[in-house]
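Visitor: Below you will find the structure I want to go over with you.
The values are calculated or read from the model by the stated rules, or taken from the named source; none is laboratory data. Note that the coordinates shown come from a computational prediction; the quantities given were computed from them, not determined experimentally. In this analysis, Cβ positions are derived from the backbone assuming ideal geometry, glycine residues included, and neighbour counts consider all displayed protein chains.
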Amino acid sequence: MTGTIAAVREQVAQARDRGQVPVGLVPTMGYFHEGHLSLMRKAREECGFVVVSIYVNPIQFDPAEDLKTYPSDFDRDLKLASAEGADLVFHPSDKEMYPEGFDTHVEPGSVAEGLCGQARPGHFRGVATIVAKLFNIVGPDRAYFGQKDAQQAAVIRRMAADLDFSIDIRVCPTVREDDGLAMSSRNTFLVDEERAQAPLLYQALTAARDALARGETNASKLRRIMRRTIGQNYLVELEYARIVDPVTMEPVARVDREVLAAVAARIGRARLIDNLLISPEE
Ligand code: PAF
């Protein structure tokens, strides 16, 4: 484990000298669940040297959000990362990442505007900035992200292409609980009654998928089906239910190719998101 940029650079350079390539990076904010572990496993399978970063990035939270209460258990995370075969865990301080005078950000374009970008202004600017920094610190050949954060993955793919990072962006499937709830560190905020309602998000997505399979290609109708599935539940405050292009995140009117069905809702203290890639061929 290291907290310094210099040590990461040195250890990655040594690994490359030893022929431990490709170098894989799994960027995380810690408090690991199966979703994180699946990214590490994939990286371990595909890479000669695996770096896992654990850093709760303050600039991707706005002041009203849960930065101070974001869950963490660093000792447990360290054990889990090592059990998954990570070669190096990078756990920097805020001072290491944002030293006095830090004044440059990566501003993503239209891909960051809709969906979560609307509800969390500045969020993707914070994500793009920290991910660009991690890319420059680690210099990985491959970087691993979860499909659950589909808009984040699209922002990062766009950034990597636009800023010429020659890094293969791997997006791995969402890992779910038995009842369909997408794994998230934020699920820990749910009390029992709220947890019981949380699978509604996935049910809304599968309802849209099933309606598409029955021939309903009108995106407004699919959105209505998602909203109706979530219904008027007093514990679940739906933020959005959309059908968008999976690369640009632009809304689509008719589903004539693969699209992303995406939902976000507040349940108690947690803001949960989920999505499903659906296509007319299914
Ligand atoms: O998905 C996350 O955990 C974070 O947004 C990331 C990519 C590690 C950047 O802080």
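Visitor: Checking the conditions here, which among G35, G114 is part of a helix (DSSP H, G or I), small (G, A, S) and within 29 Å of E250 (Cβ to Cβ)?
Guide: Of G35, G114, the one residue that is part of a helix (DSSP H, G or I), small (G, A, S) and within 29 Å of E250 (Cβ to Cβ) is G35.
Visitor: Going through L134, L80 one at a time, which residue ends up being within 16 Å of the ligand (Cβ to nearest atom), touching a residue at least 40 places away in the same chain (Cβ under 8 Å), closer than 23 Å to D168 by Cα and under 20 Å from the mean Cα position of the chain (by Cα)?
Guide: So the residue among L134, L80 that is within 16 Å of the ligand (Cβ to nearest atom), touching a residue at least 40 places away in the same chain (Cβ under 8 Å), closer than 23 Å to D168 by Cα and under 20 Å from the mean Cα position of the chain (by Cα) is L134.
Visitor: Can you confirm whether N218 is buried (at least 18 other Cβ atoms within 10 Å of the Cβ) and modelled with pLDDT of 95 or more?
Guide: In short, no.
Visitor: Here's a follow-up. Suppose we filter P63, P99, P71, P27 for residues that are over 22 Å from the mean Cα position of the chain (by Cα) and not in a helix (DSSP H, G or I); which single one remains?
Guide: Among P63, P99, P71, P27, only P99 is over 22 Å from the mean Cα position of the chain (by Cα) and not in a helix (DSSP H, G or I).
Visitor: Of the conditions (1) at pLDDT 95 or above; (2) assigned to a loop (DSSP other than H, G, I, E, B); (3) more than 16 Å from the ligand (Cβ to nearest atom); (4) not aromatic (F, W, Y), P92 fails just one. Which one is it?
Guide: (3)
Visitor: Let me ask something else. Scan (1) under 19 Å from Q151 (Cα atoms); (2) within 23 Å of the chain's Cα centre (by Cα); (3) of a type in the set (A, V, I, L, M) for the single condition A219 breaks and write down its number.
Guide: Only one criterion is unmet by A219, namely (2).
Visitor: Being surrounded by 21 or more Cβ atoms within 10 Å (Cβ to Cβ), near the ligand (Cβ under 9 Å from one of its atoms) and under 13 Å from F74 (Cβ atoms) is the filter here, so list the residues in the range 26-41 that pass it.
Guide: T28, G30
Visitor: Just the residues that are within 14 Å of A204 (Cβ to Cβ) and part of a helix (DSSP H, G or I), please, taken from the range 220-253.
Guide: Across the range 220-253, the qualifying residues are K221, L222, R223, R224, I225, M226, R227, R228, T229, I230.
Visitor: Can I ask one more? Looking at (1) more than 12 Å from the ligand (Cβ to nearest atom); (2) surrounded by 17 or more Cβ atoms within 10 Å (Cβ to Cβ), find the lone condition where S53 falls short.
Guide: Among (1) more than 12 Å from the ligand (Cβ to nearest atom); (2) surrounded by 17 or more Cβ atoms within 10 Å (Cβ to Cβ), the lone unmet condition for S53 is (1).
Visitor: Could you tell me whether the range 190-211 includes any residue that is surrounded by fewer than 16 Cβ atoms within 10 Å (Cβ to Cβ) and part of a loop (DSSP other than H, G, I, E, B)?
Guide: Yes - at least one qualifying residue is present in the range 190-211.
Visitor: Residue check: is F165 touching a helix residue (DSSP H, G or I) at 6+ places or on another chain (Cβ under 6 Å) and either part of a loop (DSSP other than H, G, I, E, B) or basic (K, R) (or both)?
Guide: Criteria met by F165.
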